[in-house]
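Enquirer: Structure below; questions to follow.
The values are calculated or read from the model by the stated rules, or taken from the named source; none is laboratory data. Just so you know, these numbers come straight off a predicted model, no measurement behind them. Cβ: placed from backbone, ideal geometry, glycine included. Neighbour counts: every protein chain shown. Calculation scope for accessible area: heavy atoms of the full protein, side chains included, ligands and nucleic acids excluded. Shrake-Rupley method; radii C 1.70, N 1.55, O 1.52, S 1.80 Å.
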Amino acid sequence: MVRKSASKATAPRKPNLREAILCAAEELFATNGFNAVSVRDIAQAAGANPGSVTYHFKTKDGLLLEIYRRHCGPMNRRRSELLAAAMRVRDLQDRLEAIVRAYVLPAFSSGSDLAGGGARFTRLRAVMSAEGNEVARRIIAQTFDDTSHAFIDAIHESLPHIPRNEIVWRSHFLLGALYYSLVTPERVSRLSRGGADGADAGNAIEQLVHATVASLQAPALDQPEALRRRSAVSAKN
């Protein structure tokens, strides 16, 4: 059963109906997933009728695409700006850290759900990725693949001795860590017995950047053991 963010009775009509539909859909998708939510559910939560949803967005797929566009356009633009600045850093170690920070920072940069940051949209992204819906997969690829390739290429340029395929794996792990850090910060606070504040965005960013840089610099799996040890020492120096 879909858990609605509004009461079962239809909510009062809101002045900006299109915005109300977007907000209702985002909340329902983030809570229940894409498959379990109907156009009727979204309309009821928004104080609209189903015809209004199809008038503004044609289909439920179109509604999900618009949610991604409104969040990820600003986030991808900011990532591209920070990446361009990072690539001008001459020292390779500092450049690598700047590249990773350029990827991580925009996801934390706003508590507002309208600017690419915020836990609700991050939760929606995590749910969409886990659900395995073909529509969501296509929208995610359309929204993020170009930016992701740019970051992977930049990291590979900074770590040319690491095969690009391994960098893809390690960037994949970064995305998982980013999702988890934003969606469940209370876990850090709980497991540290209050010694760390999982909601401290600044510390979360630095911890994530530091751990990711170390992961990216780890020797490639196909290197002989002796070479791997030398590479690990070199990465530290």
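Enquirer: So what J values fall out for segment 99-104 if you push phi through Karplus, 6.51 cos²θ - 1.76 cosθ + 1.60 with θ = phi - 60°, rounded to Hz, Gly and Pro as x?
Expert: So the Karplus estimates, Gly and Pro as x, are 5, 5, 5, 4, 7, 6 Hz.
Enquirer: DSSP loop (so not H, G, I, E, B), at most 10 other Cβ within 10 Å: list which chymotrypsin sites (Phe, Trp or Tyr not before Pro) in segment 162-226 pass both filters.
Expert: The qualifying sites: there are none.
Enquirer: If you count, for each residue, the other Cβ atoms within 10 Å and average over each peptide, how do 95-101, 44-50 line up from highest to lowest?
Expert: Peptide ranking by packing, descending: 95-101, 44-50.
Enquirer: Around GLY198, what is the net charge, scoring Lys/Arg as +1 and Asp/Glu as -1 over all other residues with Cβ under 14 Å from its Cβ?
Expert: Here the charged neighbours net out to -1.
Enquirer: Enter the accessible area per residue of segment 43-100 (Å², integer; probe 1.4 Å; all protein chains in place).
Expert: For segment 43-100, the per-residue accessible area is 48 Å².
Enquirer: With every protein chain kept in place and ligands, DNA and RNA left out, what is the accessible area per residue of segment 101-213? Probe 1.4 Å, answer in Å².
Expert: Accessible area per residue: 51 Å².
Enquirer: For labels at GLU157 and ASN16 in the simple 7 Å Cα→Cβ model, what's the distance in nm?
Expert: 3.8 nm
Enquirer: Please label the shape of segment 133-213 as rounded, prolate or oblate, based on the square roots a ≥ b ≥ c of the eigenvalues of the alpha-carbon gyration tensor (a/c under 1.5 means rounded; beyond that, a/b larger than b/c means prolate, else oblate).
Expert: It is oblate, given that a/c is not under 1.5 and a/b is not larger than b/c.
Enquirer: Would you mind computing, in nm to one decimal, how far apart the modelled labels at GLN93 and LEU175 are, each placed 7 Å from Cα along Cα→Cβ?
Expert: Roughly 3.0 nm, to one decimal.
Enquirer: Given a 1.4 Å probe and every protein chain left where it sits, what share in percent of the accessible area of segment 122-190 is carbon and sulfur?
Expert: Heavy-atom surface of segment 122-190 belonging to carbon and sulfur, 1.4 Å probe: 58 percent.
Enquirer: If you don't mind, there's one more thing I want to ask. Could you derive backbone 3J(HN,Hα) for segment 68-81 from the dihedral phi with the Karplus parameters 6.51, -1.76 and 1.60 (θ = phi - 60°), listing whole Hz in sequence and x where the residue is Gly or Pro?
Expert: Whole-Hz 3J(HN,Hα) from phi for segment 68-81: 5, 4, 5, 8, 8, x, x, 5, 5, 5, 5, 4, 5, 4.
Enquirer: Return the sequence-ordered ³J(HN,Hα) values of segment 191-204 in whole Hz as given by the Karplus equation 6.51 cos²θ - 1.76 cosθ + 1.60 applied to θ = phi - 60°, using x for Gly and Pro.
Expert: Values per residue, Gly and Pro as x: 6, 7, 6, x, x, 10, 9, x, 8, 7, 4, x, 5, 4 Hz.
Enquirer: So if I place +1 on the C-beta of Lys and Arg and -1 on the C-beta of Asp and Glu, and nothing else carries charge, what would the dipole magnitude of segment 34-97 be about its Cα centre? I want it in debye, nearest 20.
Expert: 180 debye
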